[in-house]
1. In the structure displayed, which of A:LYS329/B:LYS4; A:LYS227/B:LYS233; A:LYS209/B:LYS94 lie more than 30 Å apart, Cα to Cα?
2. Across the residues of B:154-165, average count of Cβ atoms on other protein chains within 10 Å?
3. What is the distance in Å between the Cα centres of the stretch B:142-157 and the stretch B:325-353?
4. Any idea how far apart A:GLU152 and A:ARG176 come out in nm if each label point goes 7 Å out from Cα toward Cβ?
5. Within chain B, which is the longest segment containing none of the trypsin sites (Lys or Arg not before Pro) that sit in a DSSP loop and have at most 10 other Cβ atoms within 10 Å?
6. If amide H atoms are built 1.01 Å from N in the plane of the peptide, which residues on other chains or at least 5 residues away come under 5 Å of the amide H of B:VAL397?
7. Rounded to the nearest 500, what is the protein assembly as shown's calculated 222 nm mean residue ellipticity when only DSSP H runs of at least 4 contribute -39500 (n - 2.57) each, over all residues?
8. Using label points projected 7 Å from each Cα along Cα→Cβ, tell me how many nm separate A:GLN213 and A:ALA13, to one decimal.
Amino acid sequence: MYIRSASAVSPQASFNQMLSTPAVYTGDKLNCIEPDYSKYIDPKLIRRMSRIIKMGVAAAMEALKDAELSMPDAIITGTAYGCLADTDAFLSRMVEFNEELLSPTSFIQSTHNTVGAQIALMLHCHHYNNTYVHRGSSFEAAVLDTQSLLEEGEAENILVGAVDEIIENSHAIISRFGIYKESESNKLLNSGTDGTMAGEGASFFVFSKNKEQNSIAKLEDVKTYYKTGRKAENIIHNFLMENNVPVENLDLIILGNNGDSKTDEHYNTVAQHLFGGKRLVGYKNYCGEYPTSSAFALWMATMMIEHGKKINNATSPKKILIYNNYKLKYPSLYLLSAC
Amino acid sequence: MSQKVYIAGVGIISAIGNNVGENLASLKDGNAGMQQMERLQSVHKDKLPVAEVSLSNDELCSQLKLPNHISRSALLSTVAAKEAISNSGIDIHKWRTGFISATSVGGMDKTENFFTEFLADHQNGDLKNVVNHECGAVTEITADHLGIRDFVTTVSTACSSSANSIFLAARLIRQGFLDVVVAGGTDSLTKFTLNGFNTLMILDSQYCQPFDENRRGLNLGEGAGYLVLVSEKVAESMDQKPEIALSGWCNANDAHHQTASSPDGTGNYLAMKGALKKADLKPADIDYINLHGTGTNNNDIAEGTAIKNLFEGNYPPVSSTKSFTGHTLGASGAIEAVYSVLAIREGLIFPNLRFETQMKELPFAPVTELQHKELRNVMSNSFGFGGNCSSLIFSKVIG
């Protein structure tokens, strides 16, 4: 399948900005730089929408615009945590007011499919609409459904994306598990201590079955595994073999190391054993760590290919592998080729 | 791509029974599961009846040998999924097996208790009660218990969630990605959903009356349902080849409002029509529709109008088994899929309990007494917040 467009609302203002002067964060989290939503959403609606919905809708609308597609044949979303702000608002009020004096607004926006539903509502899109909520493989499930739907012949062009947000209470709870540390995002990946920085973002793509004039890249393959007993090196090696792509042919490898020494060792081992001498880059210094961050990595890879086509020099990557392994439980692989 | 996907086994736990046999007996005897709230601790205890599973968390934990901090959603899921596998008689470890679950509340039953302490002081609250909050965490408890690893995921599209997990399973089997999939969904009763639906003023303080002119709203329920879907190859390997297949499905969106259905039930209509097309069937081929039929004013008129428009002149028998189980939210699609399979297997149309007056807008009324009839094709509808509409068609395999 082909990627016609990619768009992200992330802790980075834009891809170009990220290339020249990436936004740097100090503390234990990276928050999104939000766009001017009035470009995408009716001001009356903006007031009612929580942040995650606005971020998701803006990224989705931008992806559709870039693909020059007005009506997708399907809308598929991945989110690990769902609409946390609305869930938290309803839950907190319910506890504080002992189940009395509640208003329905935050409840009706708390369901995990709200972002996908709001996109459908704005587009008046009656087509297939689905939402996957499986922790570190939520976005991967959405992409696999996309692939399967295209193969089944039930769609030609699909809007697919991932959204997750940081809110104060979720951050306070997750922090108690000892996952985060205070750092500077530009030094995060080499920090060499335990813990990482939290992240968030919304990334949307238009995938199509056939190569179109404006296709940026071909997503050659995507794979995700659940608690596999197999070694990462074997999984990656087999993945490349199945796609007839020897390591030499890869121009760039994007890895999911997040600056936590406990898990970085895993990526270092993989890199040493498989990718000696290759160009390797991390991405979590730009977006932070969160369960659907691989969608940001796919956005970054797509943008690098598009940018590479424009400047067209020897360093322009034509084949990119992404390997992320959220909490070392959900290894996922993406292989992209320029087209 | 014409390969069939068979239903090799079913499992269920709901307010009307802890297994398939008990559920079937209740459906035949007309025994509904609603009563005064016992397990859920809510200030609305005396006002809002619910349909609770009779087993306590302690009983479920000791039956499954799982620790008691685990979400009730995961316990219900594990009971029903285990039954489905044992009912199928398949050794799932011999095949590429997936587990596709669905839930709308996930581990909220534990989180809402955690929050009481957490809000008082952010360092308070036992983290064990929030570690399985995510929907995917609930799925993994069951997947790990069953030893399924080849593919594990979770769908969440509110009240249509588990219908989506079932057709995804079928699609992945047809495409040769998996051989066997245990697919369905689970939801436990929580104060979060009870209060949420209460603020929308769509809960019935009496026992619900789906598709009745004087319906007042829905009763919430809880439970889990799973189907074991298998490829032609797996079906051939079984001692007795399954006789029921998932023949059609469709997911469409109403794109009308975040929670309310459009007056004509556009999404409902498109989902049913799409499922017929996928199954290559005509409206007249449908022998029974297991309705979404929540009992709310809005759902029943939208769904009823969509059926009126699609089945004009050929209205099949219809009923809402939510009159037995209450609305089990993310589990309802799978629970009703199990009932649809049982309807074909047993040759039964289940009654729509407490029905009194036909809706004046509709030219048909639901079935009120248990009917014995050979059924070839049964449609099951599931509609949810966010305009998510899904229809499934189960068919008896001929020849």
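1. Too far apart for the 30 Å limit: A:LYS329/B:LYS4; A:LYS209/B:LYS94.
2. For this peptide, the per-residue mean of nearby foreign Cβ atoms is 6.
3. Here the two parts' Cα centres lie 23 Å apart.
4. 4.1 nm
5. Longest site-free region, per DSSP loop and neighbour criteria: B:66-359.
6. Counting only residues 5 or more places away or on other chains, the set is B:ILE244, B:ALA245.
7. -10500 deg cm²/dmol
8. Using points 7 Å along Cα→Cβ, the separation is 3.3 nm.
Rule-based calculations on the coordinates, nothing more; no lab input. The model shown is predicted, which means the values in this text are computed figures rather than measured ones. Positions of Cβ are backbone-derived with ideal geometry, glycine not excepted, and every protein chain shown enters the neighbour counts.
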